[in-house]
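The values are calculated or read from the model by the stated rules, or taken from the named source; none is laboratory data. Treat the numbers as computed from the prediction; the structure is a model and nothing was measured. Please note: Cβ atoms are built from the backbone with ideal geometry, for glycine as well, and neighbour counts cover all protein chains shown.
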Amino acid sequence: MEKNELQKSSSQLPTMEQPQQVGIHMEQSGEGEQIGYVEHYEANNTIQVVIPVSHTGRRGMGQQVITMNTDCYNLFVVEGEMYENTTGTFTIDTSLALTESIDDDLKAKYARLDEEAQLAVRAFPAIFASKNHHYGYTDADHYAAYGIVTNIERDGHQLIISYFILSDVPQQVLNEMATELDLKRAAQYNELNDPHWTIKKANLIALLKSRGINVATIS
């Protein structure tokens, strides 16, 4: 496949037909930049999430309601990626995508990454991490991010992942939660030491909240 021949998925985020009316808290930073704080509304195994959306060529910000499926979560470990911006992209080799540290039933269902699989995968919340700085643990100032996958594109042997970050998470907390998060581990190793993308059967948001991680502003 030529470099410029990208196979694109639909960029539409999963939504509810009649989403619950929810708001978004806006604050003004010292440099005149507006910051949107996401609100979550929980119902069974799904959570409605409002994200701020910039209007191209217009002032101010709008909002978009999506629904996340909390039955599973995406885990991305990408070497050297810092996730410094609220939105962005990174690439991951297809050989590392849904090929290891994943239950067989999830692999069979999602690894093909056709349109149906991509829609389902993008409905799961996500942890975006970089490699641990040490074997099995990392430094206190090393942060991962919690957010959503907004698009997946295939470019030869690479996948281009677009994301939206909702909040930062101390990566050492994730190391300490390895058992709850279903991370493969040994005495001086866990999955946060290896670049890959996998899907785990765990309610990420409930687990983060149980550790006091701020994943939402609820009015």
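Checked against (1) modelled with pLDDT of 95 or more; (2) touching a Ser or Thr at 6+ places or on another chain (Cβ under 7 Å), MET177 meets all criteria but (2).
Has the range 144-151 got at least one residue that is of a type in the set (S, T, N, Q), in contact with a helix residue (DSSP H, G or I) (Cβ under 9 Å, 6 or more places away or on another chain), on the phi < 0 side of the Ramachandran plot and touching a residue at least 60 places away in the same chain (Cβ under 8 Å)? Yes: one or more hits. Taking (1) touching a residue at least 60 places away in the same chain (Cβ under 8 Å); (2) crowded, with 18+ Cβ neighbours inside 10 Å; (3) not in a loop (DSSP other than H, G, I, E, B) in turn, ILE102 satisfies each apart from (3). Within the range 126-137, the set of residues being touching a residue at least 40 places away in the same chain (Cβ under 8 Å), outside any strand (DSSP E or B) and surrounded by 15 or more Cβ atoms within 10 Å (Cβ to Cβ) comprises SER130, LYS131, ASN132, GLY136.
State whether one or more residues within the range 113-125 are touching a helix residue (DSSP H, G or I) at 6+ places or on another chain (Cβ under 7 Å), part of a strand (DSSP E or B) and in contact (Cβ under 8 Å) with a residue 60 or more places away in the chain.
Yes; the residues of the range 113-125 include at least one that is touching a helix residue (DSSP H, G or I) at 6+ places or on another chain (Cβ under 7 Å), part of a strand (DSSP E or B) and in contact (Cβ under 8 Å) with a residue 60 or more places away in the chain.
The set of residues from the range 92-134 being touching a Phe, Trp or Tyr at 6+ places or on another chain (Cβ under 7 Å) and aliphatic (A, V, I, L, M) comprises ILE92, LEU96, ALA97, LEU98, ALA117, ALA120, VAL121, ALA126, ILE127, ALA129.
The combined condition, being at pLDDT below 70 and of a type in the set (S, T, N, Q), is not fulfilled by SER95. Filtering ALA202, ALA178, ALA140 for residues that are part of a loop (DSSP other than H, G, I, E, B), in contact (Cβ under 8 Å) with a residue 24 or more places away in the chain, more than 17 Å from ILE66 (Cβ to Cβ) and over 15 Å from the mean Cα position of the chain (by Cα) leaves a single hit, ALA140.
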